[in-house]
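K.L.:
Structure provided below as structure tokens; questions to follow.
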Amino acid sequence: MKQLVNGVLKGNRRSIAKTITLIENNPTEAQKAISKLYLHTGKAHIIGITGPTGSGKSTLIKRLVEELRRKRKRVGIIAVDPSSPFTGGAFLGDRIRMQKLSTDKEVFIRSMATRNSPGGLARATKDAVKVLDASGKDVVIVETVGAGQSEVDIIKIAHTVVVVLAPGLGDDIQAIKAGMMEIGDIFVVNKADRENADEAVIDIETMLNMSSEKEKWKPPVIKTTATKDEGTTELLNHINQHMKYLKKEPIDTQRRQKAETELVEAIKQKTTDSIIDELRRKGELEKLVEKILAKETDPYSAADTLLEERLKGFKTHR
Amino acid sequence: MSTKRKIRIVVAKPGLDSHDRGAKVIARAFRDAGMEVIYTGLWQTPEQIVETALQEDVDVVALSILSGAHMTLFPKITKLMKQKGLNDILILGGGVIPDEDIPALKKIGIAEIFGPDTPTNTIIKFIKKHTQKT
């Protein structure tokens, strides 16, 4: 463990890879490593890039990384793809467009499957980001596929969220969906060489102008054509501007909120895990599953029964 | 939470083949068998494949070659993997590979060669047996 942590801090790629695997397979064990690494995090600019399938996120990220490398930034990338709910398997194909970056020693790319964690974003992603941050990356990019609603989790991880859309993907509908519009700090209409790119930009701008909150940061909407490397510099400028804006903000609100969210998530996770593990060990879970199947009770009442003893002193939600 | 260990596998096309239908079919079969498949796409150099295996921390590297360059590319890959200390990764070969080349390939560390007509199930069973994961 100590060796692994030291390896990560030195930027050793094998140690980084092994630590992320540990996070995926054995969260309890990995936590010891994360606690040590946590003290070395906070230096990287974490950028979330999300958007529907086919909007060209991977190609755009490749361009962005090339640009960052020209500025000698060290970059970590985590590409999240969904696991099959049926087989648990996953096809992780986002590297394909970034393969040329594979052999760059200052770039580390890791594909992660969601392993069916709710919210679409693997629980492990958050910790993997910490590993890359602690390993000395200046920028960590998290790529997630999102149709909108389920990907809002990314906001809990990233400093800057870039939402990538493309003309002809039903953007007018996407734009109306709540989640996506609210999480974006920057909006990109990629594949801007296609027809209707300008309309897509106007659609998004209209939607953004309708938002009632008076935020100091007004999300820009920009056009890119990643395949032709057009608009990358502009995108990176906006990303950097957003970081500057964040730095000017009173640190308290921003960071406090993130730290609190993280703590709440950790409490949720730990409570649920320990209670469910115990119920399984005692066989209580199975007994109640049988009862639910026999229609003798329903899941909510069953949960109340299970939690009554354990949460004495706390009121369970009803 | 105890997450089940997953087999992670790189499916790679080294060299200059220009089609990858077979590799994609295999990748799909692995996914359906519950594995996490990292697909590299076409035209990969040995360096790219080995770096991918390292960063993705995979259990298996499955290489597919149709161009006849296996006797040059496979040894390059196995050698690079050893250099990087990736000794515990199972390496498989597939594609168009003549029988007489197989003994030499096994000697350099390719665990098994699967020809074009191998049922995907045979490969999956082999992988499960040799990685001892679910």
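The values are calculated or read from the model by the stated rules, or taken from the named source; none is laboratory data. If you're wondering where the values come from, they're calculated on a predicted model, not measured in any experiment. A quick note on method: Cβ atoms are made from the backbone with ideal geometry, for glycine too, and the neighbour counts reach across all protein chains shown. All accessible areas refer to the heavy atoms of the entire protein, side chains included, with ligands and DNA or RNA removed. Shrake-Rupley method; radii C 1.70, N 1.55, O 1.52, S 1.80 Å.
K.L.:
Ignoring ligands, DNA and RNA, how much accessible area is buried between chains B and A, both sides summed, with a 1.4 Å probe, to the nearest 100 Å²?
P.N.:
Heavy-atom accessible area buried at this interface is about 2800 Å².
K.L.:
To the nearest Å, what is the center-to-center distance of the range A:18-43 and the range A:285-304, using C-alpha atoms only?
P.N.:
First find each Cα centre; the distance between them is then 36 Å.
K.L.:
On a 0 to 90° scale, report how tilted helix B:46-56 is relative to the longest principal axis of chain B, with both axes built from alpha carbons and the result rounded to the nearest 10.
P.N.:
Between helix and principal axis, roughly 0 degrees.
K.L.:
Select from B:A104, B:A12, B:A53 the residue whose mean-square fluctuation is largest in a Gaussian network model of chain B (Cα-Cα springs shorter than 10 Å).
P.N.:
B:A104
K.L.:
Given a Förster distance of 35 Å, report the FRET efficiency between A:T206 and A:N116 from their Cβ-Cβ distance, rounded to the nearest 0.05.
P.N.:
Values: r = 36 Å, r/R0 = 1.03.
It comes out at approximately 0.45.
K.L.:
Determine the shape class of the range A:216-307: with a ≥ b ≥ c the square roots of the Cα gyration tensor eigenvalues, call it rounded for a/c under 1.5, and otherwise prolate if a/b is greater than b/c, oblate otherwise.
P.N.:
In terms of gyration-tensor shape, prolate.
K.L.:
Grab the range B:77-134 and count how many Lys pairs have their alpha-carbon atoms under 17 Å apart, sequence gap of 8 or more, or different chains.
P.N.:
The result is 5.
K.L.:
Who wins for biggest fluctuation among B:G34, B:G15, B:G109 in a Gaussian network model of chain B, springs between alpha carbons below 10 Å?
P.N.:
Looking only at B:G34, B:G15, B:G109, the biggest GNM fluctuation is shown by B:G34.
K.L.:
Test of understanding: in a Gaussian network model of chain B with alpha carbons linked when under 10 Å, which of B:V11, B:V50, B:V96 would top the mean-square fluctuation ranking?
P.N.:
Highest fluctuation among the options: B:V96.
K.L.:
At a 1.4 Å probe radius, carbon and sulfur cover how many percent of the accessible area of the range B:58-124?
P.N.:
Ligands and nucleic acids excluded, carbon and sulfur reach 55 percent.
K.L.:
Okay, moving on. Which of rounded, prolate or oblate describes the range B:27-134 when judged by the alpha-carbon gyration tensor and an a/c cut-off of 1.5?
P.N.:
rounded
K.L.:
May I pose another question? For the residue pair A:S35 and B:T120, what label-to-label distance in nm results when each label sits 7 Å from Cα along the Cα-to-beta-carbon direction?
P.N.:
Between A:S35 and B:T120, the simple spin-label model gives 4.4 nm.
K.L.:
Under a straight-distance cross-link criterion of Cα-Cα below 19 Å, which aspartates and glutamates are reachable from A:K216, leaving out those fewer than 8 residues away in the same chain?
P.N.:
A:E182, A:D185, A:E205, A:E249, A:D252
K.L.:
Could you pull out which residues in the range A:51-72 have an amide N less than 17 Å from a spot 7 Å beyond the Cα of A:D193, following the Cα-Cβ vector?
P.N.:
Counting only backbone N, you get A:55-64.
K.L.:
Next up: Figure the gain on full extension for A:E309 and A:L9 (residue separation times 0.36 nm, minus the Cα-Cα span) and round it to one decimal in nm.
P.N.:
103.6 nm
K.L.:
The range B:48-70: which residues show an accessible-area loss of 40 Å² or more, assembly versus chain alone, 1.4 Å probe?
P.N.:
Residues losing area: B:Q48, B:E51, B:L54, B:Q55, B:E56, B:D57.
K.L.:
Of A:K287/B:K6; A:K218/A:K247; A:K18/A:K43, which sit over 25 Å apart, Cα to Cα?
P.N.:
The answer is A:K287/B:K6.
K.L.:
Shape verdict for the protein assembly as shown, please, from the Cα gyration tensor: rounded (a/c under 1.5), prolate (a/b greater than b/c) or oblate.
P.N.:
It is oblate, given that a/c is not under 1.5 and a/b is not larger than b/c.
K.L.:
Do any trypsin sites (Lys or Arg not before Pro) in the range A:68-98 lie in a DSSP loop with no more than 13 other beta carbon atoms within 10 Å, and if so, which?
P.N.:
Passing both the DSSP loop test and the Cβ count: A:K71, A:R72.
K.L.:
Further question on the same structure: Enter the accessible area per residue of the range B:66-131 (Å², integer; probe 1.4 Å; all protein chains in place).
P.N.:
Ligands and nucleic acids excluded, the result is 56 Å² per residue.
K.L.:
Quote the accessible area belonging to A:K43 in square angstrom, nearest 10, computed with a 1.4 Å probe and with ligands, DNA and RNA left uncounted.
P.N.:
Here the residue's solvent-accessible area equals roughly 150 Å².
K.L.:
How crowded by other chains is B:36-44, given as the mean number of beta carbons from other chains within 10 Å of each beta carbon?
P.N.:
Numbers: counts 12, 7, 13, 7, 5, 6, 2, 1, 3.
Shielding by partners across B:36-44 averages 6.
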